[in-house]
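Q: Handing you a structure now.
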Amino acid sequence: MSNASKRPCQSAVDEICMLKRKIEQSETSIVKLQAHTEKFTYPRDLRYVAKANITPDEEFKTEMHSIKREAERKFIGALTKFHYRRVERNSD
C-alpha cells in the first residue's frame, strides 16, 4: 500500500473533524449571544456607539438610548442567525 492511497481517507477524516469543530464553535457562539440578549449586555466590541454633534436634551438622550439598544439587539440577532446557518450548512 502506498501513501497516496491513505491520503484521501485521512483528508476525509480531517474534513469531518474540521466541520465538527466549526459546528461546536458556532453552537458555543449561539449560546453566548443568546445569554447576552437575555441579560441585555453586549460585548464591548459589538456595542453600537452613537455620537452627536448637538447638545443633548432628555428626549434626545432617551431616543439615542433606545436606538442604540435596538441596533445592538438586531446586530446580536444577525450574528445568531449567521451561526445557526453555519451549523446547518456544516452538518449536512
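The values are calculated or read from the model by the stated rules, or taken from the named source; none is laboratory data. Worth saying up front: this structure is predicted, and the values here are computed from it rather than measured. Counting neighbours? That spans all protein chains shown, and the Cβs are built from the backbone with ideal geometry, glycine included.
Q: Report, ordered by the first and then the second residue, all pairs with beta carbons closer than 8 Å, sequence separation of six or more or different chains, a first member in the range 56-79 that is in contact (Cβ under 8 Å) with a residue 40 or more places away in the chain, and a second member that is of a type outside the set (Phe, Trp, Tyr).
A: Within 8 Å, the pairs are Ile76/Leu33; Ile76/His36; Ile76/Thr37; Ile76/Leu46; Gly77/Thr37; Leu79/Ser29; Leu79/Leu33; Leu79/Leu46.
Q: Right, here's the next one. What is the residue count in the range 31-72 for residues that are of a type outside the set (Gly, Ala, Ser) and either at pLDDT 85 or above or assigned to a helix (DSSP H, G or I) (or both)?
A: 24
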